[in-house]
Each structure stands twice: as structure tokens, then as C-alpha cells.
1. When you go through (1) more than 12 Å from the ligand (Cβ to nearest atom); (2) in a loop (DSSP other than H, G, I, E, B) one by one for residue 486, which number turns out not to apply?
2. Only one of (1) touching a strand residue (DSSP E or B) at 6+ places or on another chain (Cβ under 9 Å); (2) more than 16 Å from the ligand (Cβ to nearest atom) fails for residue 141. Which number is that?
3. When you check residue 525 against the structure, is it assigned to a helix (DSSP H, G or I) and either within 30 Å of the chain's Cα centre (by Cα) or over 30 Å from residue 170 (Cα atoms) (or both), yes or no?
4. So, in the range 501-514, of the ones that are in contact (Cβ under 8 Å) with a residue 40 or more places away in the chain and more than 9 Å from the ligand (Cβ to nearest atom), which residue ends up nearest to residue 538 (Cα to Cα)?
5. Can you report the number of residues in the range 383-395 which are in contact with a strand residue (DSSP E or B) (Cβ under 9 Å, 6 or more places away or on another chain) and either part of a loop (DSSP other than H, G, I, E, B) or surrounded by fewer than 19 Cβ atoms within 10 Å (Cβ to Cβ) (or both)?
6. Can you name every residue in the range 336-359 that is within 16 Å of the ligand (Cβ to nearest atom), in a helix (DSSP H, G or I) and either touching a residue at least 40 places away in the same chain (Cβ under 8 Å) or under 21 Å from residue 416 (Cα atoms) (or both)?
7. Sort through 188, 242 and tell me the only one that's within 15 Å of the ligand (Cβ to nearest atom), modelled with pLDDT of 95 or more and under 31 Å from the mean Cα position of the chain (by Cα).
8. What number goes with the only condition from (1) in contact with a helix residue (DSSP H, G or I) (Cβ under 7 Å, 6 or more places away or on another chain); (2) farther than 26 Å from residue 56 by Cα that residue 464 does not pass?
Ligand code: G6Q
């Protein structure tokens, strides 16, 4: 592979960065009243305002050149046409097929996958509706009132985030719970107070071998059998998996298995059978709206010119900061409590996809890749880490996300919430200079040494970049668009960094590591086969277990 850093597009961007390094966003806004119009786009009620970035028209032109030189359009077409772009696992990447409403065929190895995708969706939605209307009741005939999704990583974060986000579309008499951690506190708390006769367990695991999920599923099964007997398992357990053999061994009947193909990656799987918890929570019609929203973003991503393409723009801006302005992190701040799990969800999508150090060809990448993604719902984050965003020494680009309409009638709350969003992005961009700060301190009655001493602490450099994403309303369709926007953003960046965004060998490592140590923890003898720190920790744990 030719070095990305030596490409002409990269070199041009590096040179351009040096010429605009001294530019300040507040001056760019002052010099061009149409900056918002130039650097914002809308798609079906979703507005992306990227004008508060350290960019000019030339920056965006050069970034698009980089995307073209990296073959973005070619890779995008390869993904949508079912080619094997996840090369280290030898798989196609087709979460887009799961929400393909276009009627177009999508072929993998010469087979159109759409008829099976459609049939699996219909079956899953029919099951969800039957749970919702009570016709798919528990073993004693009681309707299901509580659904526990047992799964981790991609088999947890998507459904949990979407169910939280779409709470207003759910019924009070059908509650969703999520258990991911092998820490028994989580499943104990989830089971506490539930009636086994009206509880349905969804065991969500693509491989059906993940230790946390299998351990939690076994605990749930014992809990159920103790109350209702072994014959009740068939009415209270369903599995979402690609491993039919393992689900059968667990005792799941074929009728209770909802399968999906290996070309659905875990962190992109909420659109597949892994979305069953979502479908039960919001119903078939709303689930289809979620798919339609994602599909609308897919169609936009496939067809829109790079310079007007929302995921391309978000991806390129990320490249600009990581690779040309040395940003190491990226904040996601939803001004919506119902999107409180979005930062955790995007942590996985971005960091698991692009947290890689070798190219598709197995060579070391010669530039930084995925940033550290973190975030918190606004306004809560304002009272903690925003200090660093405003006055810290690091550059932290941030995405601010909100919906214009709220689902509640407390309009004054929503206005305060959104006022904070808009004011924060403005303050981060503008900062507060010396003259302004001096005047403010004087107005507060400070003079002389007291004023001079406080002045440097009250200055805000500004020039801190943000993207603003404004939805009309947080409904299933808008959420589908938002999630697909980020999925494709990550794709764009992976193409430019020339990495396989769809494998996760670092996560797979974690699935093996604990096994040896677990065996050692299960007997009383002290260990000496590790480094002294690990030996020390294991032996101290054993001592505390024995004498604690
Ligand atoms: C996601 C990852 C990972 C995976 C979990 C659970 O892209 O592959 O987060 O989803 O490790 O795996 P199973 O679904 O196989 O239990």
C-alpha cells in the first residue's frame, strides 16, 4: 500500500492546515454572514450544522479530494453490493440489507439475500406483536409483562440505547430490562420482584458462546425452572443467534430461534433479529419506521455527492481533527436525556470499528486512527467535563444533538435545555477575549490587582469546534437516520485509514483471556505462572476469599 501520508491529497491538506492554522472561527463568521448556509445540510428534517468548525470551503474541497483518492465511492459501492469487504473475517457487510426498502436485490455469492431478510423480519415482527397483544403468553397463560434482553456488546448496546431513546412509544404494562454484565448484581436486580410466569427472556448472542451471556442465561433459566419447572422454558426463552446448534443445546426450540447471517456485525445488528427487544417495546409499525429512517440515510449516503453527503462530511471532519489538528478525542453530547446511552453506543461503533493499527493489507497504519469517544447527556455534562472543553489544553471536537420538539408538555424545560445547547456551541466557538472579560470584571466591581489576578482565569480562547445535529422530533424514523448517519461516518473514516472497520480482534482477545485465570481462581493453590503483579492480585484474591 502506498503511504496515505504521502498521497497528494494528504500533502495538500497538511499544507492547507498550515495556512489556516491562525484563522479563528469567530473571524470567519464575522467575515461571512452566509457561513451557516454554506456549511449546513438537511435531510428529511435532520439538520447538520457544521459551520462551527475550523474549516473553509477549501478545507472541505481538499477533504473530499482525500476521500476520492482513498476510493471512498468504490468502497461504498462494494459494501452496498454485498462484496467481501470485511476481509479478515471473509465476510460481506450488509446491515444496509436489513433495512433495504428499495426493492433492489442485494447479492452475496450470487444469491439475493433480500427474500430471506424480509421473511426473517416478518417472522420477528409477528412474534413481537404476539407478545404485545398477549397471544404469545407465558407457560401458565399469563401475558408477558417483562422482557429481559440478555446479551453484551453489539447484542446489548443497540437495543438498550434504542429502547431508552424511544420510551414515549412504549406501553407502561410491557417493560424492557437489559442484562449485559456477568456481575451478578445486574441480573439479580433485574429479576428482583418479577413474576416468572409473565417474564420473557431474550438470549441475544450471535455466537451463542459469549461467556457473560451464557452465564446470565443459565442463571435466568434456573430461576425460571425453579418457579415453573423445566417444561416452561419453551414459553419463556427465545434466542437471537447465528448458531442454531448451540441454541438447541441450550434448550431453545427452533420456533423460538430468530437467526441472522454472519454478514451482520454485532455493533451493526440492531436492525436484525437482535432488534427483537425493540420490536416488542415499540411494535412492528414503529420498528419499520426505524428501518425506514436508516434506509433514507443509506440512500442519501449511496447517492449524494461527497460534498453534500452527511456521513461523508461528518467522517471527513473527524479525519481533519484527528489527522491534521492532532485531536485525540471526540465528545458526543445529546441534549436529550433519552439519548443518554448514545455516547456508550457510539463508543462501540467508532472505537471497535476504527480502533485499529494495521491496514487491510496488514501493514502498520502511518497515522492516528479512531479518537477516544466519550460523552454524556447535556446539560449534565456541562457540570462536569465541559470545563476541559472550554479551558483545557486539548482540542476536543464535539457533536451536539437535540430534537426541536419534545415529547412532553413542559415547554419551559425544553427551551432551557435547547438554550444551553445553542449557547454552549456559541461560547465554545467564540470564546471570551480580554477586553470583554476585563469589562465584565470591572462591572462586577473589581479593579487593580484583584482584577488582574483573576483575569487570566476568566479568559476563554474559543475556536473549539462543534457539529450541531438538530432533529425535528426524536421518533423511530429520526433515530434510524441518526444511527445510520454515524454508522456510515465510521465507514468513511475506515476507508480513508485503509482499515477493516468490521472485525474486532481486540474484543475477541478478551473472550479468551479470562479462561485460564478462571480455572486458577477455582482452586485454592497459590499461583506463580504470571508476572508478579498478576500473581500478587490472584493470590490476594484467594486469601481474601478464604479468610474474608
Ligand atoms: C460487536 C462485537 C461484540 C459482540 C459481543 C457479543 O461488533 O463483535 O461487541 O457483539 O462480544 O457477541 P455475541 O453476540 O456473539 O454474544
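The values are calculated or read from the model by the stated rules, or taken from the named source; none is laboratory data. Everything numeric here is computed off the predicted structure, so don't read it as measured data. Because the Cβ atoms are built from the backbone with ideal geometry, glycine has one as well, and the counts that use them run over all protein chains shown.
1. Only one criterion is unmet by residue 486, namely (2).
2. With (1) touching a strand residue (DSSP E or B) at 6+ places or on another chain (Cβ under 9 Å); (2) more than 16 Å from the ligand (Cβ to nearest atom) applied to residue 141, the lone miss is (1).
3. No: the conditions fail for residue 525.
4. By that ranking, first place goes to 514.
5. Residues of the range 383-395 in contact with a strand residue (DSSP E or B) (Cβ under 9 Å, 6 or more places away or on another chain): 385-386, 389-391, 394-395.
The next check asks that each one be either part of a loop (DSSP other than H, G, I, E, B) or surrounded by fewer than 19 Cβ atoms within 10 Å (Cβ to Cβ) (or both); those that pass are 385, 390-391, 394-395.
Number of matching residues: 5.
6. 344, 345, 346, 348, 349, 350, 352, 353, 354, listed by residue number.
7. 242
8. (2)
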